[in-house]
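Chemist: If you scroll down you'll find the structure; I have some questions about it.
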Amino acid sequence: MISNPVLDCIRSRRSTRHFDEQQIQPEQLNALLEAAIWAPSGGNSQSWLFTAVQNRKLLLELNTLVRQAFQHWVPDDDYPAKINAKTKAQDENYNFYYHAPTLIIASNRPGYANAMADCSLALENIFLAAESLGLGSCYINQLHWLRDDENVRAFLYELGIPRKHIICNAAAIGYIKKASDVPPRKENTTKIIT
Ligand SMILES: Cc1cc2nc3c(=O)[nH]c(=O)nc-3n(C[C@H](O)[C@H](O)[C@H](O)COP(=O)(O)O)c2cc1C
């Protein structure tokens with residue numbers, strides 16, 4: 001197995017779901033946002049917007065709106081992870097970003113077919129950069145699921161995210177409080193044809 005800093009970083013990154021309260025350093029946040037915008041984008045469109053929210057009060061307000069929105073927007077025959085999240089969101093202790101001190105929301109211009117692809121590549125850059133800086137990270141899907149909720153959108157608009165933008169995904173970031181288990185990788189998911 002080849003070992004180098006990039007490959008080791010890819011292997012060691014895990015989704016973190018237990019974060020310290022302590023905020024990350026400004027230079028760390030800058031490094032993460034810079035890593036995001038160095039991702040490839042379809043036709044070099046770079047039409048994304050990365051909005052980093054570090055205000056605890058605002059994040060908790062957003063969490064309240066997300067909890068409410070879940071009950072309106074997720075039908076009972078939706079896919080299991082989403083139904084599971086909807087059920088959990090009924091609990092007042094539910095927190096969709098795991099109380100991470102930083103949430104980076106990735107959005108993109110409407111009607112752009114590569115919106116999700118571009119933002120997802122940027123998010124992986126953020127995750128790997130976070131790992132390289134000793135920070136934890138996790139992909140957060142809730143704002144994508146609930147992107148059409150009026151109250152969630154109004155709140156995101158107040159944060160400066162254009163109303164017409166597609167909310168693609170988000171990254172929870174912070175220092176790791178509890179290390180995650182390593183989900184084993186499935187076999188037979190790669191193939192080499194010579
Ligand atoms: C498209 C996508 C959506 C995800 N959504 C969430 C999410 O909303 N909440 C969460 O805790 N993890 C989410 N994850 C993280 C996965 O659960 C995680 O990557 C997977 O369990 C493998 O664990 P690892 O990242 O530690 O390798 C998501 C991952 C992807 C790629």
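The values are calculated or read from the model by the stated rules, or taken from the named source; none is laboratory data. Not measured: the values here are computed from a predicted model. Glycine also receives a Cβ, built like all others from the backbone with ideal geometry; neighbour counts cover every protein chain displayed.
Chemist: Can you tell me which residues in the range 83-100 are crowded, with 16+ Cβ neighbours inside 10 Å and either at positive phi or charged (D, E, K, R) (or both)?
Modeler: Matches in the range 83-100: Lys86, Tyr98, His99.
Chemist: Quick one: how many residues across the range 101-151 are within 23 Å of Gln22 (Cβ to Cβ), among the small types (Gly, Ala, Ser) and buried (at least 18 other Cβ atoms within 10 Å of the Cβ)?
Modeler: Number satisfying all stated conditions: 4.
Chemist: Just one of the numbered conditions (1) hydroxyl-bearing (Ser, Thr, Tyr); (2) at pLDDT below 95; (3) surrounded by 15 or more Cβ atoms within 10 Å (Cβ to Cβ) is not true of Tyr79; which one?
Modeler: Every listed condition holds for Tyr79 apart from (3).
Chemist: When the range 113-140 is examined, which residues are found to be assigned to a loop (DSSP other than H, G, I, E, B) and either of a type in the set (A, V, I, L, M, F, W, C) or at positive phi (or both)?
Modeler: Ala113, Leu133, Gly134, Leu135
Chemist: Okay, next question. Of all residues in the range 143-185, which are within 11 Å of the ligand (Cβ to nearest atom) and of a type in the set (D, E, K, R)?
Modeler: Asp181, Arg185
Chemist: Filter the range 66-91 down to residues that are out of contact with any helix residue (DSSP H, G or I) (no Cβ under 8 Å at 6 or more places or on another chain) and part of a loop (DSSP other than H, G, I, E, B) and give me whichever is farthest from the ligand (Cβ to nearest atom).
Modeler: My answer is Asp77.
Chemist: Collect the residues in the range 142-163 that are part of a helix (DSSP H, G or I) and of a type in the set (A, V, I, L, M), keeping them in residue-number order.
Modeler: If the condition is that a residue be part of a helix (DSSP H, G or I) and of a type in the set (A, V, I, L, M), then Leu143, Val152, Ala154, Leu156 are the ones that fit.
Chemist: Write out, first by first residue and then by second, each pair whose Cβ atoms fall under 6 Å of each other, whose residues are 6+ apart or on separate chains, and whose first residue, in the range 81-105, is without any contact (Cβ under 8 Å) to a residue 12 or more places away in the chain and basic (Lys, Arg) while the second is within 14 Å of the ligand (Cβ to nearest atom) and in a loop (DSSP other than H, G, I, E, B).
Modeler: Lys88/Tyr94
Chemist: So Thr16 fits all but one of (1) within 16 Å of the ligand (Cβ to nearest atom); (2) in contact with a Lys or Arg (Cβ under 6 Å, 6 or more places away or on another chain); what number is the exception?
Modeler: The failed condition is (2).
Chemist: Related question: Considering only residues that are without any contact (Cβ under 8 Å) to a residue 60 or more places away in the chain and over 22 Å from Asn55 (Cα atoms), which ones fall in the range 140-180?
Modeler: Lys164, Ile166, listed by residue number.
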